[in-house]
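Notes to accompany the following structure.
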Amino acid sequence: MKLHPACKDCGHDLSMYEHADGPAYIVIVLVSTLVVTVSALVEVKLGWPFWLHALVWLPMVPLLSIWWLHHARAWLIALEYKSKQKDSR
Ligand SMILES: [Zn+2]
């Protein structure tokens, strides 16, 4: 996924923000922790059969990852923007 060179609303230059694997790392840690924890709880409390776990959790991992990747990237850009604002004062 490529970042737009500038903000569509205000024209702020976004080319200075490059996070490489930072957002992906955050998303992998969050999604894997969430899915493993919730699926283990469901297994203990409800005792789902394996096919139901596979049906629910296997699509959940890529869907949550793709959805949260945008948010993680936006969050890191906002942090960097805020940090640069502080530094320039
Ligand atoms: Zn903007």
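Residue check: is residue 52 away from the ligand (no atom under 16 Å from the Cβ), over 30 Å from residue 78 (Cα atoms) and at pLDDT 95 or above? So residue 52 passes the test. The residues in the stretch 5-26 that are closer than 18 Å to residue 84 by Cβ, within 16 Å of the ligand (Cβ to nearest atom) and in a loop (DSSP other than H, G, I, E, B) can be counted, and the count is 9. If the condition is being loosely packed, with under 11 Cβ neighbours inside 10 Å and farther than 15 Å from residue 60 by Cα, then the stretch 19-45 contributes 20, 21, 41, 44, 45.
Whether any residue in the stretch 36-46 is more than 16 Å from the ligand (Cβ to nearest atom), within 10 Å of the chain's Cα centre (by Cα) and free of Cβ contacts under 8 Å to residues at least 24 places away in the same chain is what I want to check. Checked against the condition, which is being more than 16 Å from the ligand (Cβ to nearest atom), within 10 Å of the chain's Cα centre (by Cα) and free of Cβ contacts under 8 Å to residues at least 24 places away in the same chain, the stretch 36-46 yields no hits at all. Taking the stretch 47-89 as the range and being touching a residue at least 40 places away in the same chain (Cβ under 8 Å) and of a type in the set (Gly, Ala, Ser) as the test, only 72 passes.
The rows are residues; the columns are (1) among the hydrophobic types (A, V, I, L, M, F, W, C); (2) under 14 Å from the mean Cα position of the chain (by Cα); (3) assigned to a loop (DSSP other than H, G, I, E, B).
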residue: 2; (1), (2), (3): no, no, yes
residue: 28; (1), (2), (3): yes, yes, no
residue: 55; (1), (2), (3): yes, no, no
residue: 58; (1), (2), (3): yes, no, no
residue: 65; (1), (2), (3): no, yes, no
residue: 84; (1), (2), (3): no, no, no
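Filtering the stretch 65-72 for residues that are closer than 20 Å to residue 83 by Cβ, surrounded by 15 or more Cβ atoms within 10 Å (Cβ to Cβ) and within 16 Å of the ligand (Cβ to nearest atom) leaves an empty set.
The values are calculated or read from the model by the stated rules, or taken from the named source; none is laboratory data. Please read these numbers as outputs of a predicted model, since none were measured by experiment. Cβ coordinates were reconstructed from backbone atoms using ideal geometry, including for glycine residues, and neighbour counts include every protein chain displayed.
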